[in-house]
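Novice: One structure, pasted below without further comment.
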């Protein structure tokens, strides 16, 4: 399959692809988002290596593909996060 704005390497013959040629720390074009969405639909599991993004950039990127839901375990969340303030302790 050809994608116009990104490069991919399939992880297996059935599932998973590594995407390169995109910097998630910068705004993405509609064409890049379209191609990433299509790879997601085609391969289900995406890998983006060597990305240097913070939590807010990660959430902004993920939000392009649907609503975000908090992880149920809270591991790695700062102490000010709502899950931590509820007294939840994953350990």
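Every read-out reported here was derived from the displayed coordinates using simple, explicitly stated rules and does not represent laboratory data. Nothing here was measured: the structure is a model prediction, and the numbers come from that model. Cβ: placed from backbone, ideal geometry, glycine included. Neighbour counts: every protein chain shown.
Novice: Please order 15, 53 by the number of other Cβ within 10 Å, starting at the fewest.
Specialist: Least to most surrounded, the residues fall as 15, 53.
Novice: Between residue 67 and residue 4, what is the FRET efficiency for a Förster distance of 25 Å, r being their Cβ-Cβ separation, to the nearest 0.05?
Specialist: E between residue 67 and residue 4, to the nearest 0.05, is 0.40.
Novice: Hey, fewest Cβ within 10 Å first, where do 67, 20 land in order?
Specialist: If I rank by nearby Cβ atoms, fewest first, I get 67, 20.
Novice: Could I ask something else about it? Send over the per residue convex hull volume for region 1-52, Cα only, as a whole number of Å³.
Specialist: Per-residue hull volume (Cα only) is 67 Å³.
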